[in-house]
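Structure first, commentary second.
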Amino acid sequence: MKYVIMFTTTPELDAAASPEHVEQAYRRTFDWFGMHSEVMTESGAQLQPVTTATTVRYGGEEPVVADGPFSEAREVIGGFQVIDVPDLDAAIAIVKTWPLLELPGVAVEIRPIVVY
């Protein structure tokens, strides 16, 4: 089954970890992707900072374009990856090893992909 895993962070908590700790955790992410390469599809990317976002949303009579994200959540999506695993338990097992989870405000959202 295919899932998208979205790597999220809470920007106001980014400074809660030392720069050295953040750097060490980020270095381990390259190993993490290598360890799980067999379930990763070609889809996935790290995203530019949220300040580069543009949002198109319903604005009454026609769509409205706005600078920045349009989200009520405090978390922002920093990247995503599509994985192909047997079930949700397998996806959870992989995500639990994401090195950046040890940093404040970091989470990984898992969602199944709709298959037609």
Review point. Any idea how far apart GLU12 and PHE33 come out in nm if each label point goes 7 Å out from Cα toward Cβ?
Key: 3.1 nm
**Study point:** Computed FRET value (nearest 0.05) for ALA53 with ASP87, which takes r as the C-beta separation and R₀ as 30 Å
**Key:** 0.35
Practice item. With a cut-off of at most 14 other beta carbons within 10 Å, and DSSP calling the residue loop, which GluC sites (Glu not before Pro) in region 51-116 qualify? Please list them. Key: GLU61, GLU72
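Report the relative contact order of the chain, percent, no decimals, based on alpha-carbon pairs under 8 angstrom and at least 6 residues apart.
Reported relative contact order: 52 percent.
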Practice item. Could you point to the label whose value was computed as mean projected area of the Cα convex hull in nm² for the structure here, given (1) 7.4; (2) 9.0; (3) 18.7? Key: (2)
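Here, each number is a calculation from the coordinates, and none is a lab measurement. Worth saying up front: this structure is predicted, and the values here are computed from it rather than measured. FYI the Cβ positions are ideal-geometry reconstructions off the backbone, even for glycines, and counts take in every protein chain you see.
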